[in-house]
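For reference, the structure discussed in these notes is given below.
The values are calculated or read from the model by the stated rules, or taken from the named source; none is laboratory data. Bear in mind the structure is a predicted one, so any value in this text is a computation, not a measurement. Glycine gets a Cβ as well: all are built from the backbone with ideal geometry, and neighbour counts include every protein chain shown. SASA here: full protein model, heavy atoms, side chains in, ligands and nucleic acids out. Shrake-Rupley method; radii C 1.70, N 1.55, O 1.52, S 1.80 Å.
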Amino acid sequence: MNIITDIQPDYVLVSVVGSLSNEELTIFKSAVDKLLSENDTNYILDLEHIAFICSSALSVIFMVMNEVKRKNHKFIICSLRDDIQKLFVITGVDKHIPLFNSVKEAVSSLK
């Protein structure tokens, strides 16, 4: 798993490449916690290059979302593969976290 960050004035883009399985969750959570402590802003989670996501990762994503919302900022997920998007719909994640087709759409929604 690779985590790529792009810090902008109005948001932080976090792009994850690989998979979010149990083995990678500690690394992912630590990286995001560091970003949250250093950047009080909106967050976009780009999952375009995620091949697999485990159910525990959904819990971690919700913890991150809650932390961002607690600071009165937006948390958005974008660029989901069809199978991952179906998982998010089946589990109801889409009812709590806005999902967008691209980074461009996600950024536009912040304005």
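Residue count for region 76-90 under the criterion of being open to solvent by 10 Å² or more (accessible area, probe 1.4 Å), among the hydrophobic types (A, V, I, L, M, F, W, C) and either part of a loop (DSSP other than H, G, I, E, B) or touching a helix residue (DSSP H, G or I) at 6+ places or on another chain (Cβ under 7 Å) (or both): the result is 1.
Look at (1) touching a Leu at 6+ places or on another chain (Cβ under 8 Å); (2) within 17 Å of residue 63 (Cβ to Cβ); (3) assigned to a strand (DSSP E or B) and you find that residue 6 fails only one, number (2). Filtered by the rule that a residue be more than 13 Å from the chain's Cα centre (by Cα), closer than 20 Å to residue 64 by Cα and either of a type in the set (Asp, Glu) or open to solvent by less than 70 Å² (accessible area, probe 1.4 Å) (or both), region 92-106 gives a lone residue, 92. Remark: pairs (first residue in region 49-78, free of Cβ contacts under 8 Å to residues at least 12 places away in the same chain; second residue open to solvent by less than 60 Å² (accessible area, probe 1.4 Å) and part of a strand (DSSP E or B); Cβ separation under 9 Å; 6+ apart in sequence or on different chains) = 66/75; 69/75. In region 14-29, the residues that are open to solvent by less than 40 Å² (accessible area, probe 1.4 Å) form Cβ pairs under 9 Å with partners that are of a type in the set (Ser, Thr, Tyr), at six or more places apart or across chains, as follows: 14/5; 14/43; 15/5; 15/79; 20/56; 21/56; 25/56; 25/59. Flag: residue 34 does not match the condition of being closer than 20 Å to residue 107 by Cα and charged (D, E, K, R). The residue that is nearest to residue 8 (Cα to Cα), among those in region 53-74 that are part of a helix (DSSP H, G or I), open to solvent by less than 70 Å² (accessible area, probe 1.4 Å) and among the aliphatic types (A, V, I, L, M), is 68. If the condition is being within 16 Å of residue 8 (Cβ to Cβ) and among the small types (Gly, Ala, Ser), then region 75-109 contributes 102, 106, 108, 109.
Of the set (1) more than 22 Å from residue 109 (Cα to Cα); (2) at pLDDT 95 or above, all apply to residue 56 but (2).
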